[in-house]
């Protein structure tokens, strides 16, 4: 870990200062040309420039990997013989994040010459979580240690700088602990000569420290940068900056994770929700959502007609996600715009593009009916012989089924057979070496025109780390587990049921049924299913959810399946059968990723995760 912890914890210096002090004996310089080590912190413009580099440390996970390898749970299945991180996890090989080169955004590429750290603001490549997080934490601590040098600034400017630094220190710790569990909490600048003895803390203890940072950040940051004097200098370009809303949302998420069964168990409790942490989560979410309700922030739920604007451009000029995004990686170079192998194209039919991935047929079963009921509810109206009729509107938005039109423009004779998806057994779109392997294609994150016939034209994909729909569902979960029922609420705010239905009814699906509201366990089941549908294919939501709920080991979440069927004379599927393609191995050790051997052998207190 000397290449990671010693260098990143203790010896990283500001790029701005490298080499500034080594040539003084060779140069004659005027006194005013001297640059001191405090110049980066002397005024708001300089200090904000320093802080911007931390924004550049946020991994843009879709721009770092291929074949949607940001999906690490049960959502998708790659082609036969796939080599991506999800494929390794399918085999139980969680070591893959440490040794699989470019296929992991967790630590995928050490080739940039800076121990994996990439703070470039012009590229999404090599922005990997493990190295960038430690670098960003040190940079945040260095900034906090130099706040007294910010003399030429208003109180508003000082608050904004401090709030951003506190948020990032908390956020990067939170991201690390979500994958690797309790770690040292670094809240000071460590010297390169200091002996490392920092212990790994229990999860809830480090979560308390993260919460303090998020809470103070929320108290310091503006709701809307455009309405501040500092933000007015970059008016209209502040969309992706950290705000009070961002800090409160992550304060809630941090508390909800700390209160979840896995984190409660490893912190010395049992495998049940910690109600006190859940109440704290509900309080933070309620405070944030009240700001949304008041209209003080531009953040709001988009209409379902504009749903695709959350994920891709398709000719639009706005950054995908607006106005629902709570937190995103900055937008870097969109090199893959129009690229048949980049993220903006991988979800199309492999025969007319670069598709390598298919939705897991078992996962698709999470999509319920238009009346809001799950397909296994006897009152839902679901017909196994006609499985694609009457479903939740998001099913038709997110999934391509057999017979749906894929190509819009003119196609050559050899490509014309792909105009309509042929996903039945032996169909032209059923490709075990590409997409369509499971009898489905994904359409949620790219327009169907992202193929080599319609030209991939003018499309850019950008996904959010958190958006408002996610917050409503987390609030519903926090209230349910903290206060005991779906009809409970955080005092003075909406009920868990009401928050849940804001997401459900947005898409035109039926509200959660009364029989699920009256039963705590059934309502929790609907939260699990709703999160699977609303947040499908977007990021690490599912991987972290299944683990924190301690249900990742259940067979139904480990199996990845295909739907085999023939096409009947009326175009509907016949002879339908679900076929298990693989079953993921799962042991208790798989609740956390292993740490690199080079890291855990650096000093005794930095131990390995159990079982690895």
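Just so it is clear, none of the values below were taken in a lab; they were calculated from the coordinates. Predicted model, so just to flag it, every value in this text is computed and none were measured. A quick note on method: Cβ atoms are made from the backbone with ideal geometry, for glycine too, and the neighbour counts reach across all protein chains shown.
Side notes on the structure shown:
- Across the stretch 362-471, the convex hull enclosing all Cα atoms gives 140 Å³ per residue.
- Degrees between helix 203-220 axis and first principal axis of the chain (Cα, 0 to 90, nearest 10): 70
- Cβ crowding within 10 Å averaged over residues, with 147-153, 426-432, 544-550 ranked highest first: 544-550, 426-432, 147-153
- Tilt relative to the chain, helix 496-506 - C-alpha long axis, 0 to 90 degrees, to 10: 70
- The smallest convex shape that holds all Cα atoms of the stretch 199-273, its convex hull, gives 97 Å³ per residue.
- Relative contact order of the chain, pairs being alpha-carbon contacts under 8 Å that are 6 or more residues apart, as %: 16
- Rg(Cα) / (2.2 N^0.38 Å) computed for the stretch 483-526, rounded to two decimals: 1.11
- The chain, helix-only ellipticity at 222 nm - DSSP H runs n ≥ 4, -39,500 (n - 2.57), divided by all residues, nearest 500: -10000 deg cm²/dmol
- Cα-derived Rg to Rh of the stretch 355-415, Kirkwood definition: 1.08
- Peptides ranked, highest mean first, by Cβ atoms within 10 Å: ranges 40-53, 59-72: 59-72, 40-53
- Computed over the Cα atoms of the stretch 186-339, the ratio of the radius of gyration to the Kirkwood radius (Rg/Rh) comes to 1.05.
- Cα-based shape type of the stretch 459-608, given that a ≥ b ≥ c are square roots of the gyration tensor eigenvalues and the cut on a/c is 1.5: oblate
- Annotation: average projected area of the stretch 455-540 is 7.0 square nanometres, based on the convex hull of Cα atoms across all directions.
- Each of the peptides 447-458, 171-182 was scored by the mean count of other Cβ atoms within 10 Å over its residues; in descending order, highest first, they stand as 171-182, 447-458.
- C-alpha center-to-center spacing [the stretch 406-470, the stretch 474-510] in angstrom: 35
- Cα convex hull volume per residue for the stretch 511-550 (Å³): 51
- Whole-number percent relative contact order across the stretch 463-520, with pairs defined as alpha carbons under 8 Å at least 6 apart: 31
- The reciprocal of the average 1/r between distinct C-alpha atoms defines the Kirkwood hydrodynamic radius, which for the chain equals 25.3 Å.
- Computed from the alpha carbon positions, the gyration tensor of the stretch 264-319 leads to an equivalent ellipsoid with semi-axes of 35, 18, 9 Å, biggest first.
- Whole-number percent relative contact order across the stretch 428-567, with pairs defined as alpha carbons under 8 Å at least 6 apart: 21
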